[in-house]
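Okay, structure first, notes after.
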Amino acid sequence: MIGLFGGAFDPPHLGHVALLRAAKEQLGLDRVLVLVAAAPAHKQVETPATVRLELARAAFPDDEVVLDEHPRTVDTLRSHPEWRDPVFLIGADEFAGFLEWKEPDEVLRLARLGVAARPGYPRERLEAVLAGLADPERVHFFELFEPQASTLLRERWQLDDVPPAVAEIVERHGLYGQPHGYTGRT
């Protein structure tokens, strides 16, 4: 079973790593493909795609990491019919806005969703989305105990919030407000 983990990864952080680890353990994924959105339709990115690809490869060294040229998930899935019934991995916060995605029912026809929900996440938000889907049984929830959002990281940036290999690249390139060559990590 193949898992697809897509996103801007601006930056990839420990929450992403925890989500992928939990998905592998709880959903029994045989292989995971990490898809770095070159130009994501859902948000602005601060960092060039090539650098985000390098960061993602550092964050997920055991997985295949590729650049996804499609800004929308449904278009990515349509362009890869060889991925037979993959599981597209997202967090509960993303799932709460899933009905606003381009063709959400088509996304569910092309892939199952693996949704990481942390303890205490408001179940009514998830149920409201499920009620709006034509095929809600294609959504599978799994537990995530280490949440962190990229937007929060950018608001209160700390190198300790990313894997060490990512922090090294951030420091080397002077990304996210870190001075170039910054060595003040603890």
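The values are calculated or read from the model by the stated rules, or taken from the named source; none is laboratory data. Fair warning: this is a prediction, and the values are worked out from it, not measured in the lab. Cβ placement follows ideal geometry from the backbone for every residue including glycine, while neighbour counts extend to all protein chains displayed.
Structure summary
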quantity: Which numbered condition residue 117 misses (of (1) more than 16 Å from the chain's Cα centre (by Cα); (2) modelled with pLDDT of 85 or more; (3) among the small types (Gly, Ala, Ser)); calculated: (1)
quantity: Residue 170, sole failed condition from (1) at pLDDT 95 or above; (2) surrounded by 13 or more Cβ atoms within 10 Å (Cβ to Cβ); calculated: (1)
quantity: Residue 102, sole failed condition from (1) within 29 Å of residue 175 (Cα to Cα); (2) of a type outside the set (S, T, N, Q); (3) at pLDDT 95 or above; (4) outside any helix (DSSP H, G or I); calculated: (1)
quantity: Complete set of residues in segment 110-132 that are in contact with a Pro (Cβ under 7 Å, 6 or more places away or on another chain) and either part of a loop (DSSP other than H, G, I, E, B) or touching a residue at least 40 places away in the same chain (Cβ under 8 Å) (or both); calculated: 111, 118
quantity: Inter-residue pairs, beta-carbon under 6 Å, first farther than 23 Å from residue 15 by Cβ and in segment 93-109, second surrounded by fewer than 16 Cβ atoms within 10 Å (Cβ to Cβ) and among the aliphatic types (A, V, I, L, M), 6+ apart; calculated: 105/134
quantity: Residue ID - modelled with the highest pLDDT, chosen from residues in segment 133-167 that are touching a His at 6+ places or on another chain (Cβ under 6 Å) and not in a helix (DSSP H, G or I); calculated: 162
quantity: Residue within segment 50-64 that is in contact with a Lys or Arg (Cβ under 9 Å, 6 or more places away or on another chain), surrounded by fewer than 21 Cβ atoms within 10 Å (Cβ to Cβ) and at pLDDT 95 or above present; calculated: yes
quantity: Subset of segment 56-94 (residues that are in a helix (DSSP H, G or I) and within 23 Å of residue 30 (Cα to Cα)); calculated: 56, 57, 58, 59, 73, 74, 76, 77, 78, 92
quantity: Which numbered condition residue 25 misses (of (1) in contact (Cβ under 8 Å) with a residue 24 or more places away in the chain; (2) surrounded by fewer than 17 Cβ atoms within 10 Å (Cβ to Cβ); (3) not in a loop (DSSP other than H, G, I, E, B)); calculated: (1)
quantity: Qualifying residue in segment 19-38 (condition: at pLDDT 95 or above and either more than 17 Å from residue 3 (Cα to Cα) or aromatic (Phe, Trp, Tyr) (or both)); calculated: yes
